[in-house]
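The values are calculated or read from the model by the stated rules, or taken from the named source; none is laboratory data. Everything numeric here is computed off the predicted structure, so don't read it as measured data. Neighbour counts are summed over all protein chains in view; Cβ atoms, including those assigned to glycine, are modelled from backbone coordinates with ideal geometry. Surface accessibility is based on the protein's heavy atoms, side chains included, excluding ligands, DNA and RNA. Shrake-Rupley method; radii C 1.70, N 1.55, O 1.52, S 1.80 Å.
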Amino acid sequence: SHGAYGGTAGAADESRAAEGTDFLFDDALSEVSLVGVDEVEGEMAQTSHVEVDQDLYTNVVLSMLSPLDTTMTRGFAIALILIVAALQCFLSTAIASHVSVAMSWTERSVLAKSMHEMYEDLRHNGRLEYIRLESKDVMQLCGDFQYNLYETPLAGTNWTAYYDYQKVPVNNWKAQDIPPTDRSELDTARFVLENTEYVCVYTIVTFIWILTIINEIRFTTQFMLAVIQMPTAASSDQRLLQQDGDEYKILAFTRAAKLVGMACVFYRLFITVFITVVGCQFIMWTPTNIELILNALALTFVLELDHITYKATISRSRQNLISKLKMFEWHDPTGFSARHPNTSKLTLLTCVIGIAGSATWYLRYSQRHAYYERFSLVASLCLYQGPTPGYWSQFHATFPAPGLCETLLQLRCEATLVGEKGRPCVEDWDQKLCKFYVRTRSMYSTWSNIDWTRQGPCVAYNGDQGPFPVLSLDVRDDGSTFSVLASACQLMYQQQPQLRFKGKERSATGPRVRVFPYREFTPAAPIWCQYTNGTENILHAYQPAPFQTWRQSLRTCRGTMLVYADRASASGSWLNHEETELESREVSDVDNMTHSSGIFSGIWLSKTWGVVVISHTGDTAQVTNSNLPGSPVTAHINGSTIMFPEVNLTGTLKGGEIRFSNGVVCVSQAEELRQREAQRSKDAKKGPPPAPPVVFFFLR
């Protein structure tokens, strides 16, 4: 009877169908022998199966089983495997070489070698070079910092102009905002170490890659057991395939098939381990999110090259046959999975997840250790090997790259130094006055609106809040790269700079400019540290000290004297020829102006005009100042009166001051220095001022 499966149905069946009952399912159950999932799984545990992989290895084994395959056909199958093996080894070796030379931080790395060589060259065995990092080095290593000049007062200060720096392209130091491309070496290290999204992508990609390798090793091991346990055919002429419906089962292997099969097993294990080692290094040294995914796919491509070649080169009839082969059978040699099926399942799951998780953790740990070492070296170059205040002098001190500390601490600093053309010197250093500032102590004049006791030449901000004294910031030592950099900058900040220039010691004054090679000037905060008993504890040979020790080593930096030392005249370097003959003459001309014999000769300081240089000889004088049209201009002297006929302006000298008819007052720089020195001595007798309130500073 066909019953419910087709043909003629009985009246009872029609009646039940009319009533809407599930008679079809009931009849099916009556004719099918049902078993439970546990029974089937237990039976399979006695004899496990491994899939017949559709690849070149299965093809060559099947070729050894076919009596009709000629020696040439079998040789072609073996040759394909050898070609694929050569390609896999070549590609894996190429990846390993690229990682070692271009990506890693090992002894073979070009980047590591160049960075260490630069570190040693700039360190110069503790003697330090006159000029440190060039501007292109700062951009490549530390970041792109651009300053902005504001010719307006700054709230909370007495300044009439100020400047600040911006970090380009993202004006903050948050690791989450570091761009994936066009970033410095410092930001690359910080991105890998602290960017949350990168850490998540890295963990996922690494974990999946390890699972892929485990799956490959499991399959190869099961295939090896199947080959070993497969019966051996007595003769190669035997029929070794048994048809079972649409599928075919291999009953036995020939000796040649077993030999080739085991050779394939050993090669697959070798290439899997090789690609695993190469792949882990490849992923570990990949510093961006999208490259992590693409590189993992590239590794999978190398691993799957045998499948790709199989699909492209093997005949369609052979591929169809392989696709219809039944799975190979193999038995657990220990019998553990058959006796303890539940325990074996849990053990396998635990082992796979545990191995993949442990490997992922170890690779991340190794990556962090390597990138911390990389960060330490790059940070030491940026913090302690920046350009000096002048190429004409040797400083046994270390300076940060301009813009680094200013952006880390969110500093705004008083803008000084304007040339005779009315432009800031940092924008046009070809002005005579700017060159004069560089060569004389006028550059470090104490004539300004700076509160040296409470603020210094710079103030800090915390987001939109501020200004705060730089020393009042509380940079939390949380172990982050930002706290390392920011605390180093704060410890090197000189609120009341002290220096020895041309044999004279001065306080509450100092260089607020840095000079890159080829006379590229840029403003900078007074941040430095003496080398002896300071940064020498950090700048060790070949590799800096661990950054965790920097805070302790830099505690001696604050309040140290910056000494200008003349460079060795015997040196044959290009530094001795840095100034052109014309520039030397221009500077000498301005310098000689201040040594003229008249009572008006000298450097005069004004809150309105800034620095005024006057050369007085006889009844005429040459006056240089950016606020005077056509500067330098000629003035007439009549006793203690100076007159400017062209601008209808007169001034009278009395009590060390020149009072002009337009209300501008100029005081003698020499007199101002004497007053400041007297005030400093008086303040020293009173004791230190009260400490400013502490401002908690953190990266938002």
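A few notes on this one:
- Those residues of the stretch 484-497 which are part of a loop (DSSP other than H, G, I, E, B) and open to solvent by 10 Å² or more (accessible area, probe 1.4 Å), in sequence order: Gln495, Gln496
- Restricting the stretch 523-567 to residues that are of a type in the set (S, T, N, Q) and touching a Ser or Thr at 6+ places or on another chain (Cβ under 8 Å), the residue that is surrounded by the fewest Cβ atoms within 10 Å (Cβ to Cβ): Asn533
- For the stretch 163-188, filtered to residues that are assigned to a helix (DSSP H, G or I) and in contact with an Asp or Glu (Cβ under 9 Å, 6 or more places away or on another chain), the residue that is most open to solvent (accessible area, probe 1.4 Å) is Gln176.
- Of the residues in the stretch 235-246, not one is in contact (Cβ under 8 Å) with a residue 40 or more places away in the chain, open to solvent by 20 Å² or more (accessible area, probe 1.4 Å) and within 20 Å of Pro402 (Cα to Cα).
- Lys311 being more than 30 Å from Val192 (Cα to Cα) and loosely packed, with under 13 Cβ neighbours inside 10 Å: yes
- Qualifying residue in the stretch 344-359 (condition: buried (at least 20 other Cβ atoms within 10 Å of the Cβ) and closer than 30 Å to Thr481 by Cβ): no
- Note on the stretch 280-310: residues that are touching a residue at least 12 places away in the same chain (Cβ under 8 Å) and either outside any helix (DSSP H, G or I) or among the charged types (D, E, K, R) (or both) amount to 5.
- Entirely in the stretch 15-100, the helices (runs of 4 or more DSSP H) that have 1 or more residues that are out of contact with any strand residue (DSSP E or B) (no Cβ under 9 Å at 6 or more places or on another chain) and either among the acidic types (Asp, Glu) or modelled with pLDDT under 85 (or both): 23-31, 37-46, 71-98
- Against the conditions (1) among the β-branched types (Val, Ile, Thr); (2) without any contact (Cβ under 8 Å) to a residue 40 or more places away in the chain; (3) under 30 Å from Val277 (Cβ atoms), Val168 satisfies every one except (3).
- Counting only helices (runs of 4 or more DSSP H) wholly contained in the stretch 325-440, the ones carrying 2 or more residues that are at pLDDT below 90 occupy 336-339, 341-384, 432-439.
- Hey, Arg500 under 30 Å from Thr196 (Cβ atoms), open to solvent by 50 Å² or more (accessible area, probe 1.4 Å) and in contact (Cβ under 8 Å) with a residue 60 or more places away in the chain or not: no
- The stretch 265-299, residues that are surrounded by 15 or more Cβ atoms within 10 Å (Cβ to Cβ) and within 28 Å of Ile228 (Cα to Cα): Val265, Tyr267, Arg268, Leu269, Ile271, Thr272, Phe274, Ile275, Thr276
- In the stretch 651-688, of all residues being in a strand (DSSP E or B) and open to solvent by 60 Å² or more (accessible area, probe 1.4 Å), the one that is modelled with the lowest pLDDT corresponds to Lys654.
- The one condition in (1) within 21 Å of Ala370 (Cβ to Cβ); (2) open to solvent by 60 Å² or more (accessible area, probe 1.4 Å) that Arg316 fails to fulfil: (1)
- Cross-chain or 6+ apart pairs with Cβ under 8 Å, the stretch 540-563 first and under 17 Å from Ala488 (Cα atoms), then aliphatic (A, V, I, L, M) and in a strand (DSSP E or B): Thr560/Ala397
- Near pairs, Cβ below 6 angstrom, 6+ apart or cross-chain, from the stretch 386-409 (within 15 Å of Tyr531 (Cβ to Cβ)) to any residue that is of a type in the set (Lys, Arg) and surrounded by 24 or more Cβ atoms within 10 Å (Cβ to Cβ): Gly386/Arg132
- Any chance Lys113 is within 27 Å of Gln367 (Cβ to Cβ), modelled with pLDDT of 85 or more and part of a strand (DSSP E or B): no
- Single unsatisfied condition, Thr71 versus (1) within 24 Å of Val302 (Cβ to Cβ); (2) open to solvent by 40 Å² or more (accessible area, probe 1.4 Å): (1)
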